[in-house]
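Below: one structure, written as structure tokens.
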Amino acid sequence: MELCYQLPVLPLDRPVPKHVLSRRGAISFSSSSSLFGAPDPRQLSQRRGAISYDSSDQTALYIRMLAVTNKTIKPSFVFTPDVRVRSQVGFEPERRGSHPYLGVDFRTLHSRAESAGSIPARRIRRLFSFQRHLLSSRLLRGAPHLNPLHILDEDYCGQAKCMLEKVGTWNFDIFLFDRLTNGNSLVFLTFHLLNQYGLIELFQLDMVKVRRFLVLVQEDYHNQNPYHNAVHAADVTQAMHCYLREPKLAESLTSFDILLGLLAAVTHDLDHPGVNQPFLIKTNHYLAALYRNTSVLENHHWRSAVGLLRETELFSHLPAEDSLGIERQLGSLILATDITRQNEYLSRFRTHLDENDLCLGHASHRHFVLQMALKCADICNPCRPWELSKQWSEKVTEEFFHQGDIEKKHKLEISPLCDSEANTIASVQIGFMTYVVEPLFAEWARFSDTRLSQTMLGHLGLNKASWSAMDPETSGSSEEGESEPGRPTEEPSSRALSQGSQET
């Protein structure tokens, strides 16, 4: 199997133009697997055409570099011959598509670019993805480059700023905020929170690097996914902010804890393919083999996040040991969102609460509470007001059913909750609330018995009742399966939900 990528290169003796800085400086990926409905590999090569992956040697990539010359006012592009490079041994963060992020020395590779011929301007569009084609076409027409984050109407900007003043309220409408920010909710929201907590100044972060990091993170979420997209990441980040403001956490967490919590929320589903782990395993996806069928997606999200941190050099001013510590702890938080390990974390949380031995003065206990907060934020949709919760329920079920349709098309075993003929939105949501959401939020309310916790449980009960009214048969069977509130009995349906919930 051959996968195609793109890497840009610039002469070192030339100042980097703004339009190049705004472009991706790393590897882009598109799967050629027909299971994902991707185009023909030859089309991928034409559109992105820069790197091919050698499946016979997992440490090697064949790169055809893309360069910019300074011979004319308008940029022209040239190809260099194929160059083979090997990734460094050891810890390797990932870029889009889960391939190792390579420490390529562009100076040595660029030296071979000068002898190649230029490509006509009319063919440049095939070198870019769709988003980059819009920018390149403007450049070729001589039109000034407008930053997509600053082209909003003033009225929309004003409304978005007004919404950010209430970013700590539980009924925050992330869908409206995303429309007001022209689809840039994750960037605007996260930048605002980092600034509000004083983290940019405290950790001496370069605002240009912060903004570039957030833009790249937002780009690496797949907007074609109905649920696991940048809006979901923004919603989880807003929920995490609400939890960080809870009295127990606000009094105990350090600024470093808050920074980790926000970064984990922003990147927790980075580059999510829109299918769950069992699907990757049964289709023999290389990600499943890479991570040995264990927390496949979570490991990929983590390594992708680390790749972006290193690409943007967000923490390059910190000692190397501190940067590696941030990466490791970020991974610990993201890996905790693996729904197949739900009972493991929930049992440990319950034991701490029963024995009343959680001491937030200890760094390890604070980190565990951050893990639980992120788990709650990741699946808090059923605890939102009905108008918001219903939209999320429809989106996640659409994504489930889309996976089921793919499995049917290729005659694979249909994953739990993914068969649109055997399930309804109501039945999926009632089961998910009963066996996954209620137990977790019941324990969270024991830990943080506040108005917010009671509000979430209240919305959860009302939303479950609303879905039950639409599907009375499922609601009746789910009530019979509960032994006591918040502690459902372990039934086959519970295990199926854990397997099929794909990190909802």
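For the list (1) in contact (Cβ under 8 Å) with a residue 40 or more places away in the chain; (2) open to solvent by 10 Å² or more (accessible area, probe 1.4 Å); (3) more than 19 Å from Leu193 (Cβ to Cβ), I need the number of the one condition that Ser255 fails.
(3)
Can you spot a residue in region 450-458 that is part of a loop (DSSP other than H, G, I, E, B) and aliphatic (A, V, I, L, M)? If you could, list the steps in order and put the result at the bottom.
Step one: list which residues in region 450-458 are part of a loop (DSSP other than H, G, I, E, B), which gives 450.
Filter once more, so that each one left must be aliphatic (A, V, I, L, M): none.
No.
Quick check on my filter: what residues within region 266-285 are touching a residue at least 24 places away in the same chain (Cβ under 8 Å), in a helix (DSSP H, G or I) and open to solvent by less than 60 Å² (accessible area, probe 1.4 Å)?
Within region 266-285, Val266, Thr267, Gln277, Pro278, Phe279 meet the criteria.
Considering only region 288-309, state which residues are of a type outside the set (Gly, Ala, Ser) and in a helix (DSSP H, G or I).
So in region 288-309, the residues of a type outside the set (Gly, Ala, Ser) come out as 290-294, 296-303, 306, 308-309.
Scanning region 288-309 gives Leu290, Val296, Leu297, Glu298, Asn299, His300, His301, Trp302, Arg303, Val306, Leu308, Leu309.
I need a count of the residues in region 369-405 that are over 30 Å from Arg348 (Cβ atoms) and among the aromatic types (Phe, Trp, Tyr).
The number of residues fulfilling the criteria is 2.
In a helix (DSSP H, G or I) and under 20 Å from His367 (Cβ atoms), is that true of Ile258?
The answer is yes for Ile258.
Within region 211-255, which residues are under 21 Å from Leu314 (Cβ atoms) and either of a type in the set (Phe, Trp, Tyr) or not in a helix (DSSP H, G or I) (or both)?
Phe213, Tyr221, Leu253, Thr254
Of all the helices (runs of 4 or more DSSP H) wholly in region 310-418, which have at least 2 residues that are small (Gly, Ala, Ser) and in contact (Cβ under 8 Å) with a residue 24 or more places away in the chain?
Numbers: elements: 320-335, 342-355, 363-378, 386-409.
Where helices (runs of 4 or more DSSP H) fall fully within region 310-418 and carry at least 2 residues being small (Gly, Ala, Ser) and in contact (Cβ under 8 Å) with a residue 24 or more places away in the chain, they are 320-335, 363-378, 386-409.
Test Thr434 against the criterion of being surrounded by fewer than 20 Cβ atoms within 10 Å (Cβ to Cβ) and in contact with a Pro (Cβ under 7 Å, 6 or more places away or on another chain), and give yes or no.
On the way: surrounded by fewer than 20 Cβ atoms within 10 Å (Cβ to Cβ): no; in contact with a Pro (Cβ under 7 Å, 6 or more places away or on another chain): yes.
Here the answer is no, as Thr434 does not meet what is asked.
Being touching a Cys at 6+ places or on another chain (Cβ under 9 Å), touching a residue at least 12 places away in the same chain (Cβ under 8 Å) and either open to solvent by 10 Å² or more (accessible area, probe 1.4 Å) or closer than 29 Å to Pro385 by Cα (or both) is the requirement here; does Tyr243 meet it? Walk me through how you get there before you give the answer.
Details: touching a Cys at 6+ places or on another chain (Cβ under 9 Å): yes; touching a residue at least 12 places away in the same chain (Cβ under 8 Å): yes; either open to solvent by 10 Å² or more (accessible area, probe 1.4 Å) or closer than 29 Å to Pro385 by Cα (or both): yes.
Judged against the criteria, Tyr243 is a match.
The values are calculated or read from the model by the stated rules, or taken from the named source; none is laboratory data. Please read all numbers here as calculations on a predicted model, not as lab measurements. Every residue, glycine among them, receives a Cβ derived from its backbone with ideal geometry; neighbour counts consider all protein chains shown. Note: accessible area is taken over every heavy atom of the protein model, side chains too, but ligands, DNA and RNA are not part of it. Shrake-Rupley method; radii C 1.70, N 1.55, O 1.52, S 1.80 Å.
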